[in-house]
Each structure stands twice: as C-alpha cells, then as structure tokens.
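Here is the structure we will look at.
A short reminder: the numbers here are calculations on the coordinates, not readings from a lab. Since the model is a prediction, treat every value here as computed from it, not as a measurement. As a convention, Cβ positions derive from the backbone with ideal geometry for all residues, glycine included, and neighbour counts pool all protein chains shown.
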Amino acid sequence: MGLDYSLLKNKLSGSVEYYVKNAKDLIAQGQLDPSTGFSSMFINSAHIQGKGVDVSLQSFNVQRQAFSWITNLVFSYNRNIIKNLLVRIYWGIAL
C-alpha cells in the first residue's frame, strides 16, 4: 500500500509505502545419517514474514538552463519475523 505526493508545483515530491511480505516453504539442506546412503536432503523448512516502510522525498532546489540541484532522501525500515521453523525427524536425526 502506498501514497505518492507532490507539493509546491512539483518542487517537492515523494512517496510513502508500507508492505507485508510472506515467504513460505523456504528450502534448507539437512544432514542425514550416512547409513541411509545419502549425505543430505532438501526440505521445506520455514515461513518468514517481512514488514516494512519506505519513505522517499525529492526536492528540486535549483533549476536553471545550465545547472540543476536535486536532493533525494530515502528512509527504509524492514523487520523479518520467523513465523514457523519446521524441524522434521528422519531416521532419528533432526533436520
């Protein structure tokens, strides 16, 4: 979800964005007992949720034919949370 804005005849503009991103079935490699004949296997192991906000501000300070001065400011905040971490047991070994 986001909001774009412009003020003062487009001399000041920017955006504010908020997001929530869910990543499911992240793949991890787990070690197996060598007696199985395999050293490892891939499993779907986690569900991670990322939340954040991005804010940008752009100003056109000076605009001349041979010279222009533009300022851009960007702020980002992101937080990732492990919602579920799957631990499976195969042949007596936790993966």
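Annotations
- Sequence-distant lysines (8 or more away, or on other chains) whose Cα lies within less than 17 Å of LYS24: LYS51, LYS83
- Charge context of GLN63, other residues only, Cβ under 12 angstrom, K/R +1, D/E -1: +3
- Highest-MSF residue in the chain out of PHE67, PHE75, PHE42 [GNM, Cα springs under 10 Å]: PHE67
- Under a Gaussian network description of the chain, with springs only between Cα atoms under 10 Å, the residue in SER68, SER56, SER13 that fluctuates furthest is SER68.
- Summed residue charge, Cβ within 13 Å of GLY14's Cβ, Lys/Arg positive, Asp/Glu negative: -2
- Cα shape, the chain, gyration tensor, a/c 1.5 rule: prolate
- Selected from LYS83, LYS11, LYS51 as most flexible by GNM, with the chain as the system and alpha-carbon contacts under 10 Å: LYS11
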